[in-house]
1. Kindly indicate which of ALA101, ALA134 is surrounded by 16 or more Cβ atoms within 10 Å (Cβ to Cβ) and of a type in the set (Gly, Ala, Ser).
2. Which ones in segment 243-258 are surrounded by fewer than 17 Cβ atoms within 10 Å (Cβ to Cβ) and at pLDDT below 80?
3. Would you confirm, using the coordinates I've provided, whether PRO110 is under 25 Å from LEU73 (Cβ atoms) and exposed (fewer than 13 other Cβ atoms within 10 Å of the Cβ)?
4. Which one is modelled with the lowest pLDDT among residues in segment 301-330 that are part of a strand (DSSP E or B) and under 30 Å from SER213 (Cα atoms)?
5. Would it be correct to say that VAL95 is in contact with a strand residue (DSSP E or B) (Cβ under 8 Å, 6 or more places away or on another chain) and either within 25 Å of LYS162 (Cα to Cα) or without any contact (Cβ under 8 Å) to a residue 12 or more places away in the chain (or both)?
6. Report yes if GLU218 is crowded, with 18+ Cβ neighbours inside 10 Å, out of contact with any Leu (no Cβ under 9 Å at 6 or more places or on another chain) and at pLDDT below 85, otherwise no.
7. When you go through GLY60, GLY54, GLY100, GLY42 one by one, which is the residue that is in contact (Cβ under 8 Å) with a residue 24 or more places away in the chain, part of a loop (DSSP other than H, G, I, E, B), in the same structural domain as GLN156 (by TED's automatic domain parsing) and under 21 Å from the mean Cα position of the chain (by Cα)?
8. Assuming GLY72 fulfils every condition listed in (1) assigned to a loop (DSSP other than H, G, I, E, B); (2) buried (at least 22 other Cβ atoms within 10 Å of the Cβ) apart from one, which condition is it?
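The values are calculated or read from the model by the stated rules, or taken from the named source; none is laboratory data. Values in this document were obtained by computation on a predicted structure and should not be read as measured data. Cβ placement follows ideal geometry from the backbone for every residue including glycine, while neighbour counts extend to all protein chains displayed.
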Amino acid sequence: MTQLEAASRAAADQTANVPTSTAVRTSGLTKRFRSGQVAVDGIDLAVPRGAVYGFLGPNGSGKTTTIRMLLGLVRPTSGQAWLLDEPMPDAAAAVLPRVGALVDGPGFHPYLTGRANLARLDAADATADPRTAARRASAALERVGLLAAEHKPFRQYSLGMKQRLGLAAALMRPRDLLVLDEPTNGLDPQGTREVRLLIRELAQAGTTVLVSSHLLGEIEQVCTHLGIMSRGRLLLQGERSVLDSRGTTTVQVTVTPGHAASAVGVLRVLGLDVTAEGPVLTADLGPTDPPRIPAALVHAGIEVTGFEVRRPSLEQVFVELTGEGFDVAR
């Protein structure tokens with residue numbers, strides 16, 4: 001069994017332990033193109049209600065194809081998908097009004113203003129109340145910071161403004177589920193921070209958010225659950241704390257000069273494999289309880305001037321699962 005296959009099997013095992021109250025669920029979801037390429041390979045997603053689910057992986061890993069199948073934009077080759085407990089795409093007409101989505105970047109009429117584009121989209125939704133359309137558009141534009149540019153033609157919008165308008169379209173109505181594919185694409189650091197804040201606010205209000213991205217650092221700051229994709233397979237899935245049991249947690253200790261050798265001896269007694277660079281000691285934590293380390297050093301008469309436990313990042317976990325970084329070939 002390869003490392004990738006083992007990771008996929010582990011993801012399936014973890015999925016079995018995810019709560020049954022899900023906003024998004026798939027079973028064996030697969031998409032094989034006519035060329036023979038398998039873009040999505042039998043994945044079992046489980047996105048709990050109320051979660052911010054980070055759907056992560058490099059470009060070309062199958063995230064967007066999965067989202068298209070979830071929304072009924074692409075039919076799967078095999079497997080099943082449910083949104084808000086309704087089968088897709090069969091129940092699309094009933095369930096999609098409860099779902100806001102931003103997929104493949106926003107697509108709007110270039111010569112219409114931002115507000116006019118929102119009005120046109122809202123008018124095409126038979127379930128939307130036209131009497132409240134203007135008020136809802138204003139609220140959505142204000143929420144994404146575009147109220148001052150509402151009368152500007154879409155073709156004059158920057159890439160970041162276009163992305164914001166796509167978010168506004170998804171927020172025109174209260175949603176039970178929000179599906180965002182690369183929502184920070186084209187945004188400056190301030191805009192990216194605002195999207196993170198918006199996602200948190202939506203989740204606190206009870207909206208489930210599925211956010212797909214290859215920007216691990218951004219998603220790591222907001223997600224409560226995560227799923228990692230590579231080459232069409234779901235390698236890891238579960239609560240954010242699942243990272244604590246994956247990857248390598250290290251500890252870095254700084255002691256007063258001249259005490260490094262003694263400190264190395266103390267840490268080795270604790271079962272740690274230590275490397276030292278001057279007064280800075282580094283070791284894989286393993287099963288050792290972190291508070292034991294400074295306590296043992298102090299008990300031995302060694303002054304500790306710095307102590308840090310470094311948990312594995314999402315990128316570190318991905319690299320350890322696949323043996324590759326996020327520049328994986330498509």
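1. Only one candidate qualifies: ALA101.
2. The answer is ASP244, SER245, THR248.
3. yes
4. Ranking the candidates gives ARG310 first.
5. no
6. Here the answer is yes, as GLU218 does meet what is asked.
7. From the options GLY60, GLY54, GLY100, GLY42, the qualifying one is GLY60.
8. (2)
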